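The block underneath contains the structure these notes are about, expressed in structure tokens.
The values are calculated or read from the model by the stated rules, or taken from the named source; none is laboratory data. Every value quoted in this text rests on a predicted model; they were computed, and no experiment measured them. No Cβ is skipped: glycine too gets one built from the backbone with ideal geometry, and neighbour counts run over all protein chains shown. What goes into the accessible areas is simple: the full protein's heavy atoms, side chains included, and nothing from ligands, DNA or RNA. Shrake-Rupley method; radii C 1.70, N 1.55, O 1.52, S 1.80 Å.
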Amino acid sequence: MKKARDIMTANPQVITPDDSITRAAEIMRDSDVGVVPVVEDQGSMRLAGLVTDRDIAVRVVAEGRNSGEMRAREVMSSGISTVGPDDGLDRVMDLMKREQVRRVPVCEGERLVGIIAQADVATDGPSDRKTGDVVEKISEPDRR
């Protein structure tokens, strides 16, 4: 059975809480990704949160704020659920489904080692109804 480490993008580019939102957007553009992990510092790689393209659109652009002056800590989502590199794909898919998220950080202890996107599960995961269920659940509108 495949594990998280088999489909994750290892060593993703990261920012720190004091980095600008502009830097996060540049990484997204240059790496063609929709999320940038935020770590406490490059040495520890301890996950502090995530900044997504949606966070920037909703919390910066839609509010007319200056992205060059905003720091990642002002926009990032924190309290993020993670998986370990040896967790099975069932655990990854269950987490995506339960949390309705498209991306899951992979941590060894507190150290970020990779990230898994919905597309990774869809292309490398099991090609069965469970994958379809995950994508469907993630895509449901938030009813909170």
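Summary of computed values
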item	result
Computed over the range 32-77: relative contact order in percent, which uses C-alpha pairs under 8 Å that are six or more apart	35
Computed over the range 1-64: relative contact order in percent, which uses C-alpha pairs under 8 Å that are six or more apart	27
Relative contact order computed over the chain (Cα-Cα under 8 Å; 6+ residues apart), in percent	28
Rounded, prolate or oblate (a/c below 1.5 giving rounded, otherwise prolate when a/b exceeds b/c) for the range 78-128 by Cα gyration tensor	prolate
Full-extension gain in nm, S20 to E74, via 0.36 nm per residue minus C-alpha separation	18.5 nm
Built amide H within the under 5 Å cut-off of A48, gap 5+	V38, V39, E40
Of R65, R46, R111, the one that fluctuates the most in a GNM where the chain has Cα springs shorter than 10 Å	R65
Rg ratio (alpha-carbon, reference 2.2 N^0.38 Å) - the range 1-131	1.05
DSSP beta bridge pairing in the range 1-100, given as percent antiparallel to the nearest 5	90
Pairwise FRET efficiency - N66 versus R91, Cβ, R0 = 41 Å, nearest 0.05	0.55
C-alpha long axis of helix 89-99 to longest principal axis of the chain, angle in °	50
Protein accessible area in the chain, 1.4 Å probe - carbon and sulfur %	43
